[in-house]
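Each remark here refers to the structure printed beneath this line.
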Amino acid sequence: QVQLVESGGGTMQAGGSLRLSCAASGRTFSSYPMGWFRQAPGKEREFVAAITWSGNTYYADSVKGRFTISRDNAKNTVYLQMNSLKPEDTAVYYCNAVNMSPSTGWGAKEPWGQGTQVTVSS
């Protein structure tokens, strides 16, 4: 059984930083691309960032230059360093193994975890 556990969320003022963690168990994800998504109230879940097994990274335009995704394959853990936070970053953040489709973009491969809430106040 695959389990994804996100942590590290909280409440920050605009301009602050947070580091999210995602611990994966039940399967070794070292060979899979991993990604972060977020869902704001009343909106659909959207792609934030992805990292391949070799360390290539991809970002949504809205977070490029502010967020950094990284992974520790030995720990089956993926991180998201979020700097210069904005109120529009407020959302529940989820991680997942991902795949990339030219027609639909980045998609999730596993059942979603519970996510971690990030709230940014102005």
**Request:** Tell me, please, whether a residue that is polar (S, T, N, Q), in contact with a helix residue (DSSP H, G or I) (Cβ under 8 Å, 6 or more places away or on another chain) and at pLDDT 95 or above can be found in the range 75-89.
**Result:** no
**Message:** Cβ-Cβ distance below 8 Å, separation of 6 or more or different chains: which pairs start in the range 58-80 with a residue that is crowded, with 17+ Cβ neighbours inside 10 Å and end on one that is in a helix (DSSP H, G or I)?
**Reply:** Val63/Asp89
**Residue in the range 16-28 that is within 11 Å of the chain's Cα centre (by Cα) and free of Cβ contacts under 8 Å to residues at least 60 places away in the same chain present** = yes
**Request:** Kindly indicate whether Glu44 is surrounded by fewer than 14 Cβ atoms within 10 Å (Cβ to Cβ), under 15 Å from Gly115 (Cβ atoms) and not small (Gly, Ala, Ser).
**Result:** yes
**Asked** In the list Thr90, Thr52, Thr11, which residue meets the criterion of being open to solvent by 50 Å² or more (accessible area, probe 1.4 Å) and hydroxyl-bearing (Ser, Thr, Tyr)?
**Response** Thr11
**Request:** From the list Arg27, Arg45, pick out the single residue that is out of contact with any Pro (no Cβ under 6 Å at 6 or more places or on another chain), modelled with pLDDT of 90 or more and basic (Lys, Arg).
**Result:** Arg45
**Check on Ser25, touching a Leu at 6+ places or on another chain (Cβ under 9 Å), closer than 16 Å to Val92 by Cα and of a type in the set (Ser, Thr, Tyr)** = no
**Prompt:** Of these, Phe37, Phe29, which one is farther than 22 Å from Val118 by Cβ and either open to solvent by less than 60 Å² (accessible area, probe 1.4 Å) or assigned to a strand (DSSP E or B) (or both)?
**Reply:** Phe29
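The values are calculated or read from the model by the stated rules, or taken from the named source; none is laboratory data. Quick caveat, the model's predicted, so the values are computed rather than measured. No Cβ is skipped: glycine too gets one built from the backbone with ideal geometry, and neighbour counts run over all protein chains shown. Just the protein is used for accessible areas: all its heavy atoms, side chains included, with ligands, DNA and RNA removed. Shrake-Rupley method; radii C 1.70, N 1.55, O 1.52, S 1.80 Å.
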